[in-house]
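**Student:** This is the structure I want to talk about, given as structure tokens.
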Amino acid sequence: MEFQRVEGTDKGKIVLYALSTCMWCRMAKNLLKDMGVCYEYIDVDTLSAEEKVTVKQEIKKWNPGGSYPTLVINEKECVSGFDEAEIREKIK
């Protein structure tokens, strides 16, 4: 399982769990890109069945509802769903 890396300004470890077909996930990716921050993402729906199980367990640690997008910031905070104001606040 391989995360994709988007280069930018280092604001800590930012990981986005997304779906390739999700409009809100695309909006989260675009926001992070517009903010110019470095982050990693994985499109869960493109993974093998076994990898999906592993990743979904990881997501549920941060976001028990398992919704997308799930954004984990510095392994301390999580933003579930697309909330531009909250994302901007947590990634300064």
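**Student:** Let's see if you can work this out: charge +1 on each Lys and Arg Cβ, -1 on each Asp and Glu Cβ, no other charges. What is the dipole magnitude of the chain about its Cα centre, in debye to the nearest 20?
**Tutor:** Computed charge dipole of the chain: roughly 160 debye.
**Student:** If one computes the Cα centroid of segment 10-32 and of segment 38-79, what distance in Å separates the two points?
**Tutor:** 11
**Student:** Another question, then. How are the C-alpha pair distances of segment 4-90 spread across 5 Å bins, as whole percents from the shortest bin up?
**Tutor:** 3, 15, 28, 29, 17, 7, 1
**Student:** Explain nothing, just the number: dipole magnitude of segment 16-62 about its Cα centre with +1 on each Lys and Arg Cβ and -1 on each Asp and Glu Cβ, in debye rounded to the nearest 20.
**Tutor:** In debye, rounded to 20, segment 16-62 gives about 180.
**Student:** Follow-up. Considering only Val44, Val15, Val55, give the residue with the highest GNM mean-square fluctuation for the chain, with springs between Cα atoms whenever their separation is below 10 Å.
**Tutor:** Looking only at Val44, Val15, Val55, the biggest GNM fluctuation is shown by Val55.
**Student:** Moving to a separate point now. By a straight-distance test (C-alpha under 17 Å), which lysines pair with Lys92 as possible cross-link partners, with residues fewer than eight away in the same chain excluded?
**Tutor:** Lys92 reaches Lys11, Lys13, Lys29, Lys33, Lys76.
**Student:** Would you be so kind as to identify which of Ser80, Tyr17, Tyr39 lies farthest towards the positive end of the dipole of the chain, taking Lys and Arg as +1 and Asp and Glu as -1 on Cβ and the Cα centre as origin?
**Tutor:** Ser80
**Student:** Looking at segment 7-54, which GluC sites (Glu not before Pro) are DSSP coil and have at most 16 other C-beta atoms within 10 Å of their C-beta? List each step's numbers first, then the result.
**Tutor:** Numbers: sites: Glu7, Glu40, Glu50, Glu51; in loops: Glu7.
Hits after loop and neighbour filter: Glu7.
FYI, it's all coordinate maths here, none of it is from the lab. For clarity, every value in this text was computed on a predicted model and none was experimentally measured. Neighbour counts are summed over all protein chains in view; Cβ atoms, including those assigned to glycine, are modelled from backbone coordinates with ideal geometry.
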